[in-house]
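What follows is calculated from the coordinates using simple rules that are stated; it is not laboratory data. Because the structure is a prediction, the values reported are computed rather than measured. Every residue, glycine as well, gets a Cβ built from its backbone with ideal geometry; the counts of neighbours run over all protein chains shown.
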Amino acid sequence: MSEKRQIDSFTPEIVKITDKCNLPFNAGQEFSNFNSFLAYDVEDYFLNGDGVTYLIKNGDDVVAFYCISAGAIPYNYICENESQMWGISIVEIRMFAVDEHYQDVFFEY
C-alpha cells in the first residue's frame, strides 16, 4: 500500500478565465484532452456560449479546472387537451480535471 500524501498549505482561490491559459497543468498522460483544454479551447467555449471555465488555484499552482454551461432537458407537458414543450433547467459540467500533483492527496482542515 502506498503512503498517503498530504498537502500542508491549501488556500484555494477560484478564478474565472475567458481566454487561453498558459499556466502549467497536467491531469496525467492518459488525459491529454484535459491537458490541452486550457491552452487551446477555453476561449472558443466562452465565445461560442458553450461554457465558462473556472480555475481552482493554490497560490501559483492550478489545482483543477471546470467548465460549466446552462441548458435545459426538454419534456412534453400534457394538461387536459393541451400539450406544450417545456424544459427543466440544468447546469452541465462540460469539463472537470485535477492536476496530477493534487490527485489522491489528503489535506486536513
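Results, tabulated for the structure shown:
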| read-out | value |
| --- | --- |
| Where trypsin sites (Lys or Arg not before Pro) fall in DSSP loop in the chain, at most 13 other Cβ within 10 Å | 4, 20 |
| Simple label model, 7 Å out from Cα along Cβ direction - residue 81 to residue 93, nm | 4.8 |
| Calculated Rg and Dmax of the chain using C-alpha coordinates, Å | 18.8, 65 |
| Helix-derived mean residue ellipticity, 222 nm - over the chain, DSSP H n ≥ 4, -39500 (n - 2.57), to 500 | -4000 deg cm²/dmol |
| Positive minus negative residues near residue 7 (Lys, Arg vs Asp, Glu; Cβ under 13 Å) | -3 |
| Sorted by Cβ neighbour density within 10 Å, fewest at the top, the residues 9, 69 | 9, 69 |
| Around residue 22: net Lys/Arg minus Asp/Glu count, Cβ-Cβ under 15 Å | -4 |
| Sequence-distant aspartates and glutamates (8 or more away, or on other chains) whose Cα lies within less than 16 Å of residue 57 | 8, 13, 99, 100 |
| DSSP loop GluC sites (Glu not before Pro) with at most 12 other Cβ within 10 Å: longest gap in the chain | 4-79 |
| Evaluated over the stretch 70-109, the Cα radius of gyration and Dmax, each in Å | 20.3, 59 |
| Potential lengthening between residue 72 and residue 47 on full extension [0.36 nm per residue; Cα-Cα distance subtracted] | 7.0 nm |
